[in-house]
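**Student:** This is the structure I have questions about; it appears just below.
The values are calculated or read from the model by the stated rules, or taken from the named source; none is laboratory data. Nothing here was measured: the structure is a model prediction, and the numbers come from that model. Note: ideal-geometry Cβ built from the backbone for every residue, glycine included; neighbour counts use all protein chains shown. Only protein heavy atoms, including side chains, enter the accessible area calculation; ligands, DNA and RNA are left aside. Shrake-Rupley method; radii C 1.70, N 1.55, O 1.52, S 1.80 Å.
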Amino acid sequence: MSTQTLVNETERMQLSLDALDYVPVGVFVIRADLVVLFWNSRLEEWTGIARETIVGDKIVKHFPHLQDTKYMARLEMIFQGGPPAIFSSQFHTYIIPSHLPDGQARIQHSTVMAMPAIEGEGFYALFSLQDVTDMARRVQDYRAMRDHALSEANERKRAEEALRQRNQGLALLNQLGRELTATLDIKQLSERLLRAVTEIIDAQDASVWMWESDQKQRLVCQTILYAQTDPAVKLSLLPGQGVAGWVAQTGQSVIVPYAPRDPRFFSGIDEQLGFSTVSLLAVPLLGRGQVRGVLEVANKLRGIFDENDLVLAETLAASAAIAFENASLVETLRQQTAELQARNEELDAFAHTVAHDFKTPLGYMVSYAEVLEDSPELLPETESQRYLRTIAQSGRKAGNIIDELLLLTAVRQVEDVKASTLDMAGIVAEACARLQDLIRESQAELVLPQAWPVAVGQETWVEEVWLNYISNAVKYGGQPPRIELGATPLPDPPPLAGEDGVGAVRFWVRDNGPGLTPQEQAHLFAPFTRLDKMHVKGHGLGLSIVRRIVERLGGEVGVESQVGQGSAFWFTLPDPNP
């Protein structure tokens, strides 16, 4: 492989994994020939090796231990697209600098997984390294507490039983740590964690709560063990609400001996579940240097929650946090890969659409202009004027195509959508005014409602939605077209605990056209799709623009149609007053 090819490959890798540059996990990527393609900032921090020094170089020149036969055998499976491999070892002399203040070796969990190659076929090996020294020290502290209990002769019997239970718990902890690290599905992780924590701590129920977004506006229950829970019930808490909300906000672990008397307890969750909480233990799930969620355990079956239970729960939470981070990392990579693939496909379709839709108007413009240039004296004045009108119409059509392509791109690029209450009557009137020539030529009849319900959105974007829907209804409608516009407030969905309901309004355009088959309906809103079997003027960008606009505004699009009975195209927008 040439030097320039390697440079291109590493640059594309850096762009693809840019989001992973500053995560609190060491991440690097190597090819099958062991050449390093990516080296993130955390590894620069840990190793003192700059990205410029190691990227493009073979990893074994810096870390010879990777040439070990066992390592290479497992890596060979990764390069063939095999399942993730887990390494757990001390990298004191290889990764962590020896001049650390505590002078102790650091224990790391390393996950290696296959990643589709950017250039050609095959796979790369993606390493993620997580420092779990603190978790190991917690286990050591716990063992010291156990040894101390054994030394108390007057409590020997209780200590022996405690030792048996704790040994069983440690074995389960070790097994669970391996299972969690090897699992990349967040739901499976949560369910395995809850079964383990209730078994180890001997509790009735447990649940995992996670912040819904980085803004931390709502804590959502991801998984709950309670057998009678209705899957349709959505549980959530506001910041600071309930014991779990308090832990998520403060980052502190807590034991609540009698929950109903604790001011932090929120009884609304019990009411939704039909559950009775007596005691609680809750610990934070830490990731990326901050609280990402909460592990909550309810109702100790024998005795009360104690410090030993708290240490076990914190150890489980630390192991689970590593697994959640790994799963999140893989999911991020999958999403980025899918997004890159979708964008590439869209670019191909975009180029095809531009070439196809520009060909006809440009062909008219060139042909008629050449006739006018070569022999204007042979054409009657009326014919010359017709040629000029066709050239002007073709130019306007080409301009409209350019405007819609620019709008399609702009909707994708805008990050912060400024939504406000809409004057829907005025917006529809403006869209109709822009289509007045088309409406007049087709002798279309428009039926409008006397009043519109209130909705929120972006005015110019919503006008484009109406423009596309109405123009399609005119073009694809009956002879003459009869087009009815209207709106229907939708029933409010049941609110989540701790938040108000969010309503929506469905707006629609109904025509008297021939209707659409189910196959045609399935492809209507795909990017750059057009109904070629219907021989009408126009181009295939409109419904793609509609979908992208409405989804950015928090709504949905759709169509209801039967062959021979016309079609009703609809879109929804949020209702500011549900």
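**Student:** Within region 420-436, count every residue that is outside any helix (DSSP H, G or I), of a type outside the set (D, E) and within 35 Å of the chain's Cα centre (by Cα).
**Tutor:** Number satisfying all stated conditions: 3.
**Student:** Quick check: anything in region 256-265 within 30 Å of Y22 (Cβ to Cβ) and touching a residue at least 12 places away in the same chain (Cβ under 8 Å)?
**Tutor:** No: zero hits.
**Student:** Could you list all residues from region 15-34 that are on the phi > 0 side of the Ramachandran plot and assigned to a strand (DSSP E or B)?
**Tutor:** Listed by number, the list is empty, since nothing qualifies.
**Student:** So which residues in region 42-75 are under 33 Å from the mean Cα position of the chain (by Cα) and small (G, A, S)?
**Tutor:** If the condition is that a residue be under 33 Å from the mean Cα position of the chain (by Cα) and small (G, A, S), then A50, G56 are the ones that fit.
**Student:** I'm checking my understanding of the structure. Among residues of region 454-489 that are open to solvent by 40 Å² or more (accessible area, probe 1.4 Å), more than 14 Å from G566 (Cβ to Cβ) and in contact (Cβ under 8 Å) with a residue 40 or more places away in the chain, which one is nearest to the chain's Cα centre (by Cα)?
**Tutor:** The extreme case among them is Q458.
**Student:** Just to be sure I understand the filter: pairs with C-beta atoms under 6 Å, separated by 6 or more residues or on different chains, first member in region 70-84 and within 19 Å of V35 (Cβ to Cβ), second member open to solvent by 60 Å² or more (accessible area, probe 1.4 Å) and part of a loop (DSSP other than H, G, I, E, B). Which pairs pass?
**Tutor:** Taking only residues 6 or more apart or on different chains, the pairs are F79/A32.
Residues checked against (1) modelled with pLDDT of 90 or more; (2) within 22 Å of the chain's Cα centre (by Cα); (3) part of a helix (DSSP H, G or I):
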residue	(1), (2), (3)
P491	no, no, no
D500	no, no, no
W508	yes, no, no
L531	no, no, no
M534	no, no, no
G538	no, no, no
I545	no, yes, yes
G554	no, yes, no
F571	yes, no, no
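**Student:** Let me ask you something else. Filter region 1-34 down to the residues that are buried (at least 17 other Cβ atoms within 10 Å of the Cβ) and either charged (D, E, K, R) or in contact with a His (Cβ under 8 Å, 6 or more places away or on another chain) (or both), then identify the one that is modelled with the lowest pLDDT.
**Tutor:** For region 1-34, the residue satisfying everything is E9.
**Student:** Would you call E560 modelled with pLDDT of 90 or more, open to solvent by 70 Å² or more (accessible area, probe 1.4 Å) and outside any loop (DSSP other than H, G, I, E, B)?
**Tutor:** Criteria met by E560.
**Student:** Could you check region 176-210 and list, in sequence order, the residues that are at pLDDT below 60 and not basic (K, R)?
**Tutor:** Scanning region 176-210 gives L176, G177, E179, L180, T181, A182, L184.
**Student:** Another question about this same structure. Every residue in region 287-307 that is within 17 Å of V197 (Cα to Cα), surrounded by fewer than 22 Cβ atoms within 10 Å (Cβ to Cβ) and either at pLDDT below 85 or of a type in the set (A, V, I, L, M) (or both), please.
**Tutor:** Residues satisfying the conditions are L301, I304.
For every residue, the table says whether it meets (1) assigned to a loop (DSSP other than H, G, I, E, B); (2) open to solvent by 60 Å² or more (accessible area, probe 1.4 Å).
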{"residue": "V36", "(1), (2)": "no, no"}
{"residue": "E45", "(1), (2)": "no, yes"}
{"residue": "I49", "(1), (2)": "yes, no"}
{"residue": "E52", "(1), (2)": "no, yes"}
{"residue": "M72", "(1), (2)": "no, yes"}
{"residue": "L75", "(1), (2)": "no, no"}
{"residue": "I78", "(1), (2)": "no, no"}
{"residue": "G81", "(1), (2)": "yes, no"}
{"residue": "I86", "(1), (2)": "no, no"}
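**Student:** When the residues of region 361-383 are filtered to those that are at pLDDT below 75 and of a type in the set (G, A, S), which remaining residue is surrounded by the most Cβ atoms within 10 Å (Cβ to Cβ)?
**Tutor:** Among those residues, the one meeting the criterion is S367.
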